[in-house]
Every structure is written in structure tokens, then in C-alpha cells.
Amino acid sequence: MIRHGEHLVAESDVEAVLGEHGAVWQVRVLATPDPVSGQEVLACVVPGVQVAEECRAAIAADLVHFCLGRLERFEAPGWVAFVDELPVRAGDGQRQADPGTAAWGDRLIDVRCLKQDTSTAQQPDTDR
């Protein structure tokens, strides 16, 4: 389970939703440290087809929007990493991959801004 603020996120729930997306061949969801929420959802995606470097951010955003239509906002990935093979998760009987964001380098895409609740955002002052 991922502890995102006051919420618990089941990795398997997020994996099930992402697995329905046409661009995903395999997916593994991990917790990664987050200074605001304690832990953030990191989706490690093996794409179903070759994804050009310049298209990865758009596909990552599409994956988050796909999740937001099916999961609670806190359950959607805040980070997406496109990988060639899935990392090991604790409990798989092998050494766990380092889930810290620095370990993923340029494969990691920050999509946390897509999860922000815009209904509570301050509106611009138009009365001036």
C-alpha cells in the first residue's frame, strides 16, 4: 500500500486501471518519497509499442487523465517512468528497485501538476 497523505492507495487497483490503457503492455506501481504527501504513486510502464522520446510526456499525461476518470485523484500516478522491464517490488522475493525519483533519471516524467484540484485553486481577481 502507498500512503499518500491521509489516504491509502492499493498498487493493484492503479495497475488494473493502467493495464486497460491501449499504450500499456505491462505496468508496475510503486511508492516514491514525496515531500508534500509522504509518498506519491509512481507508475513504471512498459509501453505496448515503441514510444519516441518526444511523445513520452504526452502519453504520460494521457495515462494520468485516463486514471483520473476511473480512480480517486490521490490514486492517479504523480510520476510515470517508461521502462524496458518492470522493476521488482518488495514482496516479489528479490531485491527491490530504488523507488526514489533520482534513480529513474530521464525516464521519469513528473505529472503531479495534473492531479491538482482546480476547484479549490484561487481564481484571478477580475474586479479591478
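Readers should treat all values here as calculations from the given coordinates under stated rules, not as data from a laboratory. The structure presented is a predicted model; accordingly, all values stated were derived computationally and were not measured. Positions of Cβ are backbone-derived with ideal geometry, glycine not excepted, and every protein chain shown enters the neighbour counts.
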Q.
Suppose each label sits 7 Å from its Cα in the direction of the beta carbon; what would the Trp25-Glu54 distance come out to in nanometres?
A. 2.3 nm
Q | Pair Asp106, Leu8: separation of 7 Å Cα→Cβ label points (nm) | A | 4.0 nm
Q: Kindly provide the Kirkwood hydrodynamic radius of segment 1-86 in Å, to one decimal, from all pairs of distinct alpha carbon atoms.
A: 12.8 Å
